[in-house]
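No value in this document is a laboratory result; all are computed from the given coordinates. As the structure is a computational prediction, the values presented were derived from the model and not from experiment. Here the Cβ is made from the backbone with ideal geometry for all residues, glycine too, and neighbour counts use every protein chain on show.
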Amino acid sequence: MLTATDALLIVDVQRDFLPGGALAVPAGDEVVAPLAALCRLFAAARLPVVASRDWHPADHCSFRDAGGPWPRHCVAGSPGAELDPGLDLPAGARIVDKATTADKEAYSAFDGTDLACWLSARDVRRLFVGGLATEYCVLNTAADALSSGFEVQLVGDAIRAIDPLAGERAIRSLCDMKAAVTLSAALTDD
């Protein structure tokens, strides 16, 4: 059951992370429908919805041609950096850009942003987190949320990993840090 201190945090559901994208997460498109249902639910309850996105400069340090581990992806303003329109983000959803400078990687939506302050100013205490990829940006975002004092509910049917085993380890690690796992249906069927 949702309360007045809840918010939805969607992590990096961008075209470059979906099938056919530059850094596609296997079955990444499967998170869109449950997250869209949660967007509608949170909007109807007038609760905050936040979506993070990688918003890299063209010469970002994480790119292989700059010595990083990843192919070019989510270049600011490019089609691949767009959030999937199927999310059905409500009007007024907060967009948080991360990893926006060439020389710094940021897997967490809290890293280098004002997200923690923005959520606290709205009296948010519990975050429902879904998105891509479980073992990278979801893990780091959820861990930073926990260390910032927020309760975290991972939406288990709305996260996907690049490597399933690494994704399972990330979930276990977050649960060890006191995150919980729920399913979108547990919220939308209320």
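General remarks:
- Applying a length cut-off of 15 Å (Cα extent along the axis) and a mean Kyte-Doolittle floor of 0.0 to the DSSP H helices of the chain leaves 32-44.
- Average Cα contact separation per residue, the chain, under 8 Å, 6 or more apart, as relative contact order %: 26 percent
- Spin-label pair ARG125/ASP111, simplified geometry with 7 Å Cα→Cβ offset, distance in nm: 3.0 nm
- Per-residue ellipticity at 222 nm, computed for the chain from helices alone with -39500 (n - 2.57) per DSSP H run of at least four residues, works out to -7000 deg cm²/dmol.
- The magnitude of the dipole of the chain, with charges of +1 and -1 set on the Cβ of Lys/Arg and Asp/Glu and taken from the Cα centre, is near 280 debye.
- Backbone amide hydrogens, once placed in the peptide plane, bring MET177 within less than 5 Å of nothing, excluding anything fewer than 5 places away on its chain.
- Candidate values (1) 3.91; (2) 1.15; (3) 0.95 were compared with Cα Rg over 2.2 N^0.38 Å computed on the shown model; the agreeing label is (3).
- Computed over the chain with a Gaussian network model linking Cα atoms closer than 10 Å, the most mobile of ALA109, ALA43, ALA66 is ALA66.
- Fraction of beta bridges assigned by DSSP in the chain that are antiparallel (%, nearest 5): 5 percent
- Local electrostatic count, ARG72, Cβ distance below 10 Å [Lys/Arg +1, Asp/Glu -1]: -2
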